[in-house]
Amino acid sequence: KSSDEANCTGWLRYLFVREETEATLLIGQAVPRDWLKPGQHCGIEKTATWFGSTSVLYTGGDNEITCQLKGPTRNPPKEIRLRFRHPQEKLLAGVTVNGKPWKKFKGEWVTLPGDVGVATLQARYAR
């Protein structure tokens, strides 16, 4: 039925992007862990959010997951929270943002300023 088909697009979007509050944008909250296995790529491009257009691409690697983020610029949120769902449910051991060490992470989540713009994040895991 056509209403289910329309809803499917919205549900797929929510895997990657969701406005949690008027100040927080969640990225990757519900991406299936199997989609982040080594060699896998998944993401969404130019999706509309209340904050503006956003794109995200995850790439799974050995003991790491990389995320290419294009954060919203029209009406940036106060913060962006990215989730890195390791296939074996490992917690983050270290994170870099644009090649520089980043300390604002806990469990599977990384917190960024809402005006981060274009960023490359690398999430590392203990072996």
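Just so you know, all these numbers are worked out from the coordinates, no wet-lab data involved. Just so we're clear, the structure is a prediction, and the values are computed from it rather than from any experiment. Here the Cβ positions follow ideal geometry from the backbone for every residue, glycine too, while neighbour counts run over all protein chains shown.
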- Query: When the chain is fully extended, how far beyond the present Cα-Cα distance does residue 12 get from residue 37, taking 0.36 nm per residue of separation?
  - Reply: 7.1 nm
- In square nanometres, what is the average projected area of the Cα convex hull of region 13-127? 6.1 nm²
- Query: Toward the positive end of the charge dipole of the chain, about the Cα centre and with charges on Cβ (Lys, Arg +1; Asp, Glu -1), which of 118, 23, 105 goes farthest?
  - Reply: 105
- Query: Which ³J(HN,Hα) values, rounded to whole Hz and listed in residue order, are derived for region 70-77 from phi using the Karplus coefficients 6.51, -1.76 and 1.60 in 6.51 cos²θ - 1.76 cosθ + 1.60 with θ = phi - 60°, glycine and proline given as x?
  - Reply: 10, x, x, 10, 5, 8, x, x
- Task: Provide the per-residue ³J(HN,Hα) series for region 78-93, in order, calculated from phi with Karplus coefficients 6.51, -1.76, 1.60 and θ = phi - 60°, each as a whole number of Hz, with x at glycine and proline positions.
- Result: 5, 8, 10, 10, 9, 10, 10, 9, 4, x, 9, 6, 6, 8, 4, 9
- Whose amide H sits under 5 Å from the amide H of residue 17, counting only residues 5 or more places off or on another chain, with H placed in the peptide plane? 28
- Query: What list of ³J(HN,Hα) values in whole Hz, one per residue of region 101-116 in order, does the Karplus curve 6.51 cos²θ - 1.76 cosθ + 1.60 (θ = phi - 60°) give from phi, with Gly and Pro shown as x?
  - Reply: x, 10, 9, 8, 8, 7, x, 10, 10, 10, 9, 10, x, x, 9, 4
- Tally of Lys pairs whose C-alpha atoms are under 16 Å apart, taken over the chain, 8 or more apart or cross-chain: 5
